[in-house]
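Here is the structure we will look at.
The values are calculated or read from the model by the stated rules, or taken from the named source; none is laboratory data. Remember, predicted model here, so these are calculated numbers, not experimental data. So basically every Cβ, Gly included, is an ideal-geometry build from the backbone, and we count neighbours across all protein chains shown.
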Amino acid sequence: MASTHGVQGSRVLVASNRGPVSYAVAEDGSLVSKRGGGGVVSGLSAIGPDADALWVCSALGDGDREAVRRTDGRLDPADSGGQRVRMLGIPPEVHADAYNGIANSVLWFVHHMLYQTPLEPAFDTEFRRQWAAYEEYNRAFAQALADEAAEGAAVLVQDYHLTLVPGMLRELRPDLRIGHFSHTPWAPVEYFRMLPDDIAEQVLRGMLGADRLGFLTQRWADAFTACCDALVGGTGSTRTGVHGLGADADFLRARSHEDDVEERITALREEIGGAPGERRTIVRVDRTELSKNIVRGLLAYRQLLEDRPEWRERVVHVAFAYPSRQDLAVYRDYTAEVQRVAEEINSAYGTDGWTPVVLHVKDDFARSLAAYRLADVALVNPIRDGMNLVAKEVPVVSDGGCALVLSREAGAHEELGEDAVTVNPYDVVGTAAALHEALSMTPEERAERSKRLAAAATALPPAKWFLDQLHALGD
Ligand code: G6P
């Protein structure tokens, strides 16, 4: 098959909404690039330059769109650490309807079971209009992949933004080996089928266009299979597999000892206050997003201060809640609610020398690592989560070993449950009791558990996670 990208085309292709690089336009009009991280980035660097890999992604903001205009979408590999990237200049209104309207307001809500009746969901004509954009958006990816792939190439499609791509690509290029990986949970059939029947079927059939579908845990893979059995008569010839992405220990351990992290440790210690070693820390780091359950986490902390007044002045909740998907009112409102509840706790319980909640909302990776290092307890209480890497990263980085309070609904619980203190994410009183239990562990027990948590958390490093998927596709 002819390729528009060189004579041969690429042998390994990745497709995702968010690519490995983003751009901003500086005041002087130049483009400033910012590289991203994550499992796919590590995986692609691990396969080396010979594989002739290409990453197809979408322009997300004005800076990206300007970069696409200037480069025709074929970005300078120097901006993405040598990775070849083709960024698609999908019209902004189509992208907004597909990404905000369908992916983040519908599919994300279905898989994380976030809808609140009686207002939501209502699949009306506006939804149908946005769905058409989602189809167009998926078609643009399928077409670009079809244009760029070498004969028999392996294509790894990522996540809920691109569920229709495997089916569309299969029609355009039957020769390709197509994989799809879900980074989210998969909804139980009773919840999934709240989607209109034709849409639910389209999503499942779109995914089943792949040769192989990857999930983060067996639970999500089983839920997908159950949906297929109930709604489209089974998974046909498509295989499913489980690949539980782990923390990147080497990177995290090195990065968390760089100078900027040390500086932030000093600053954070000042915010925590008290005499050295006097105060314990409960750390959480999340994108501010409803499934992360940050508000109930704060309510549980307040309950702890109520039930166990002995912890007052002796503990600080360090909560980093970084803005996410701010085009959507429901995410903005949630950020405001997190801030409101944190302030309420501080004014109800704070004293001259003690601020019970140290909340930061400005994204700062070095400061997150500083908090990880200082963590005595990590609080990870999502309503549902595909995996949750924070649960895996904190035990790897924490200086003295940390206890982990972990929701049973996080994918990570399957691997870390034995050494964590498990919580039902809706149970505020139960979560308060779990925080007390975690804070009360002896330093020896905490260190022991933390060591085992770190070992389990790093069992499947990102590069291996990615290569396993590629091999399973027959490469
Ligand atoms: C989740 C999704 C990813 C997504 C990330 C950040 O982890 O599974 O696909 O990239 O959230 O969300 P955003 O909307 O900012 O890309």
Can you tell me which residues in the stretch 365-383 are surrounded by fewer than 21 Cβ atoms within 10 Å (Cβ to Cβ) and either within 16 Å of the ligand (Cβ to nearest atom) or of a type in the set (Phe, Trp, Tyr) (or both)?
-> 365, 383
All conditions in (1) within 13 Å of the ligand (Cβ to nearest atom); (2) crowded, with 23+ Cβ neighbours inside 10 Å; (3) more than 23 Å from residue 150 (Cα to Cα) are true of residue 21 except (1)
Could you please find all residues in the stretch 89-128 being in contact with a Leu (Cβ under 6 Å, 6 or more places away or on another chain) and either among the aliphatic types (A, V, I, L, M) or more than 15 Å from the ligand (Cβ to nearest atom) (or both)?
-> 114
Would it be correct to say that residue 36 is out of contact with any Gly (no Cβ under 9 Å at 6 or more places or on another chain), under 24 Å from residue 90 (Cα atoms) and either of a type in the set (Asp, Glu) or surrounded by fewer than 18 Cβ atoms within 10 Å (Cβ to Cβ) (or both)?
-> no
Extreme residue, surrounded by the fewest Cβ atoms within 10 Å (Cβ to Cβ), among residues of the stretch 250-279 that are farther than 17 Å from residue 375 by Cα and modelled with pLDDT under 95 | 250
Can you tell me which residues in the stretch 277-323 are free of Cβ contacts under 8 Å to residues at least 24 places away in the same chain and touching a Lys or Arg at 6+ places or on another chain (Cβ under 6 Å)?
-> none
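Here's the yes/no breakdown for (1) in contact with a Gly (Cβ under 7 Å, 6 or more places away or on another chain); (2) part of a strand (DSSP E or B); (3) among the charged types (D, E, K, R):
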{"residue": "236", "(1), (2), (3)": "no, no, no"}
{"residue": "257", "(1), (2), (3)": "no, no, no"}
{"residue": "270", "(1), (2), (3)": "no, no, yes"}
{"residue": "281", "(1), (2), (3)": "no, yes, no"}
Taking the stretch 56-72 as the search range and keeping residues that are part of a strand (DSSP E or B) and in contact with a helix residue (DSSP H, G or I) (Cβ under 7 Å, 6 or more places away or on another chain), which one is farthest from residue 9 (Cα to Cα)?
-> 58
Touching a helix residue (DSSP H, G or I) at 6+ places or on another chain (Cβ under 8 Å), assigned by TED's automatic domain parsing to the domain that holds residue 171, within 23 Å of residue 180 (Cα to Cα) and not in a helix (DSSP H, G or I): does that describe residue 18?
-> no
Examine the stretch 62-74 for a residue that is within 23 Å of the chain's Cα centre (by Cα), more than 16 Å from the ligand (Cβ to nearest atom) and of a type in the set (Gly, Ala, Ser), and state whether such a residue exists.
-> no
